[in-house]
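A short worksheet on the structure shown next.
The values are calculated or read from the model by the stated rules, or taken from the named source; none is laboratory data. All of these numbers come straight from a predicted model, not from anything done at the bench. All Cβ positions, even for glycine, are placed from backbone atoms using ideal geometry, and neighbour counts span all protein chains on display.
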Amino acid sequence: MTPRSTPALAATGSVSRSIQLFRAFRVEQSDPDFFYSLLARDSIREVQRWCPLTGASVLDVGGGPGYFADAFTSAGARYAGVDPDAGELTARGGVAGNTMRASGLCLPFADGAFDVTYSSNVLEHVPDPEGMVAEMVRVTRPGGTVVVSWTPWLSPWGGHETSPWHYLGGVRAADRYAVRHGRRPKNDFGRSLFACSAGRMLRWVRRAEEEGHLDLVDMLPRYHPAWARWVVHVPGLREVVSWNVMLVVRPR
């Protein structure tokens with residue numbers, strides 16, 4: 001198959017952007033180069049809404065095989081990436097430059113080492129999401145920017161490849177997948193996939209804010225058009241309708 005060229009990005013906050021990302025999402029498995037290249041470019045543009053990237057030191061937690069490395073570097077950032085999964089790191093045939101194998105729960109960097117710390121769709125894959133965000137805040141300088149996004153458990157895609165059966169229970173959904181496909185899912189509930197709600201993370205951020213550790217800058221449904229941002233502020237509704245939540249905080 002001839003690789004498709006990545007199209008120009010639709011306007012930020014537009015319905016066209018949401019449609020573009022949804023269409024790309026449908027080929028995530030069959031054409032990962034197309035999907036992840038587009039998602040990375042869109043994500044870097046989103047990050048630039050809160051902080052400049054030219055000359056900034058950036059840590060990407062869960063950076064994977066290098067799509068985000070390419071996008072951050074093209075934006076002028078000084079990029080470093082970590083990922084605990086050797087398979088993810090080498091998914092494109094080699095390890096991206098300035099990337100290492102490490103856990104987001106124990107980042108091997110000094111306090112305040114980066115201007116920007118970023119993570120895309122990793123939080124639901126760790127057993128201690130609060131601990132991961134705390135590590136991201138720790139290695140970001142005061143006044144820097146931490147951007148983290150993930151799929152809430154009650155989202156239609158909360159079970160990942162086991163969706164929508166995760167609504168009947170994560171273990172049941174994973175067991176059903178194993179019976180149908182003869183293997184455990186990559187995102188296996190309780191091992192590589194965990195229930196992480198928007199409300200849970202917002203409560204943690206609010207406590208950290210009260211304790212003087214950080215400031216909440218923004219919270220939004222990552223893929224929605226601008227007019228639909230309100231859904232993330234409605235408890236309960238946001239868990240299902242947001243699809244993917246993005247939090248932006250600044251360490252003090």
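Some points to look at:
- Taken over region 113-143, residues that are assigned to a helix (DSSP H, G or I) and either of a type outside the set (A, V, I, L, M) or crowded, with 19+ Cβ neighbours inside 10 Å (or both) amount to 12.
- Single match in R250, R200 (criterion: in contact with a Gly (Cβ under 9 Å, 6 or more places away or on another chain) and in contact (Cβ under 8 Å) with a residue 60 or more places away in the chain): R250
- Number of positions in region 103-160 that are among the aromatic types (F, W, Y) and over 12 Å from the mean Cα position of the chain (by Cα): 4
- Only one entry of L21, L9, L53, L39 meets the criterion of being assigned to a loop (DSSP other than H, G, I, E, B) and in contact (Cβ under 8 Å) with a residue 40 or more places away in the chain, and that entry is L53.
- F35 being touching a Phe, Trp or Tyr at 6+ places or on another chain (Cβ under 8 Å) and at pLDDT 90 or above: no
- Test: E239 is over 20 Å from W157 (Cβ atoms), not in a strand (DSSP E or B) and not hydrophobic (A, V, I, L, M, F, W, C): no
- When R206, R180, R176, R172 are screened for being without any contact (Cβ under 8 Å) to a residue 60 or more places away in the chain, loosely packed, with under 14 Cβ neighbours inside 10 Å and either in a loop (DSSP other than H, G, I, E, B) or not assigned by TED's automatic domain parsing to the domain that holds A113 (or both), only R180 passes.
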